Amino acid sequence: VDHAGQVTYKKKSTTMLMTCIQTGIRQFVGGLAAEPRRDLLVQDFSITESLFFPSGRSYFLVRGIKKAIEGSTLTPAHHYSDFRFKAYAPIAFRYFRELFGIQPDDFLLSMCNDPLTELSNPGASGSIFYITDDEEFIIKTLQHKEAEFLQKLLPGYYMCGGKNIRFIVMNNLLPLSVRLHEKYDLKGSSYKRRASKREKAKHSPTLKDLDFLANHPEGIYLEADTYSALINTMQRDCRVLQSFQIMDYSLLVGIHNLDQALKDKNQAGDLAGDSAASCGAASTTSVSTGVGPSQKESTTSGDAAARARSFSRGRSMKQRLAQYSTAMESIQATTEPLAVEDEDIPAGGIPARNHRGERIFLYIGIIDILQNYRMAKKLEHTFKSMLHEGDTISVHRPGFYAQRFQTFFAERVFKKIPSSLKQSPIKRK
Ligand code: ATP
Ligand code: CA
Ligand code: CA
């Protein structure tokens, strides 16, 4: 924040940055529509395209007379100083968007139609985060090394002012429209993994491993199928991350507590003088399903679209853009969220229970994956934490990180639900 109270990044106001990002994306993604669809070639991963965006009004002289044109012939007018926008591997990213079912028009609508909102970043890197108005995407500024590394990763995915500001657009993992009662950034380490006082004082703090273990000493309970699907997915992800020598990533875990939310809602209703009886009337409708084990006929494993449709049935939110953008879809579990349709059940989360037997929904995903071993060597913190926990073999560090990560989630964070919790009667609102 500068002396005038403006939020800045590399001495540029972040409002300007947002507008430039939107202007650039609109131009590039819009322009790509004219390029025919084709298979990716190896050079598509390393190509960068750059375009100059002169500010609102530029002048040129026609036979001695000053004439003004809006922007340039290629680029639209804008009210900030001139800037250059560089797109990394635009054709490759177009391919990935298509792979994830993100239509160009929808992407542009999400990215450019409404102003972005800046999020506060609990991380230490100094990156700035923006979220799109429809909550579909997150934009994160990257360091030079991170951008370079992302470019190196791209082929792998395929087989399987004077200042440069690099950024990445990623799926938003945590819906703003669902109240998250708790939020954790977990690495499977205990070394200095407690959120700061300053973070904890925030309205919706991001807590860390030690906070999680204190709040959930018994972990979080999942239906057996959901547990296996989740752990399996995480293991596959870790194997890929390890193969790229990536470490220092986290699992972001957002928790919506349905029972807490219903309690709060009823209390608010009571305070407002609502007849409590009318709320209580429905409370005998017990759901026999615990975490939602009504096993429906498992869909043909390849039919992702059908699966996505079936999950979207009970949704109150609009259909999400990306095919695997919700946590539940991404682990490809066949468990239905809950047997009954209920407006209070949030969309897309993974159904679970806490140790008190309360119904919770999890929003999760692996984040911050652009640190690889060579860069991480400079991250003293990461190495101290590994030595602290018994890593002695230096060459296997990404493997050690992945193993510790997986074990932590498979054994301490997530548990298969014991039948005692499953059978406990569930109070409805
Ligand atoms: P550091 O390197 O110090 O850990 P960073 O600046 O690289 O920090 P990240 O670890 O990528 O930041 O993210 C910081 C926080 O931003 C996360 O703990 C999470 O709360 C939020 N966040 C990051 N990515 C996403 C995402 N895709 N969806 C929702 N929230 C996110
Ligand atoms: Ca991080
Ligand atoms: Ca980081």
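Observations
- Scan region 200-222 for residues that are open to solvent by 50 Å² or more (accessible area, probe 1.4 Å) and either touching a Ser or Thr at 6+ places or on another chain (Cβ under 6 Å) or over 24 Å from residue 176 (Cα atoms) (or both) and the total you get is 3.
Rundown of residues vs (1) surrounded by fewer than 19 Cβ atoms within 10 Å (Cβ to Cβ); (2) touching a Ser or Thr at 6+ places or on another chain (Cβ under 9 Å); (3) not assigned by TED's automatic domain parsing to the domain that holds residue 374, yes/no style:
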position: 94; (1), (2), (3): no, no, yes
position: 100; (1), (2), (3): yes, yes, yes
position: 105; (1), (2), (3): yes, no, yes
position: 118; (1), (2), (3): yes, yes, yes
position: 122; (1), (2), (3): yes, yes, yes
position: 141; (1), (2), (3): no, yes, yes
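- The C-beta contact set for region 7-36 (first residue loosely packed, with under 15 Cβ neighbours inside 10 Å, second residue among the small types (Gly, Ala, Ser), distance under 9 angstrom, 6+ apart or interchain) comprises 7/13; 10/161; 11/161.
- Extreme residue, nearest to ligand 2 (Cβ to nearest atom), among residues of region 190-239 that are part of a loop (DSSP other than H, G, I, E, B) and acidic (Asp, Glu): 218
- In region 240-266, the residues that are assigned to a helix (DSSP H, G or I) and away from ligand 3 (no atom under 16 Å from the Cβ): 240, 242, 243, 258, 259, 260, 261, 262, 263, 264, 265, 266
- Just one of the listed residues (221, 227) is closer than 20 Å to residue 327 by Cα and touching a helix residue (DSSP H, G or I) at 6+ places or on another chain (Cβ under 7 Å), and it is 221.
- Within region 235-262, the set of residues being open to solvent by less than 30 Å² (accessible area, probe 1.4 Å), away from ligand 1 (no atom under 16 Å from the Cβ) and under 22 Å from residue 397 (Cα atoms) comprises 238 only.
The values are calculated or read from the model by the stated rules, or taken from the named source; none is laboratory data. Remember, predicted model here, so these are calculated numbers, not experimental data. Positions of Cβ are backbone-derived with ideal geometry, glycine not excepted, and every protein chain shown enters the neighbour counts. Each accessible area value is taken on the protein alone, full model and side chains, heavy atoms only, with ligands, DNA and RNA left out. Shrake-Rupley method; radii C 1.70, N 1.55, O 1.52, S 1.80 Å.
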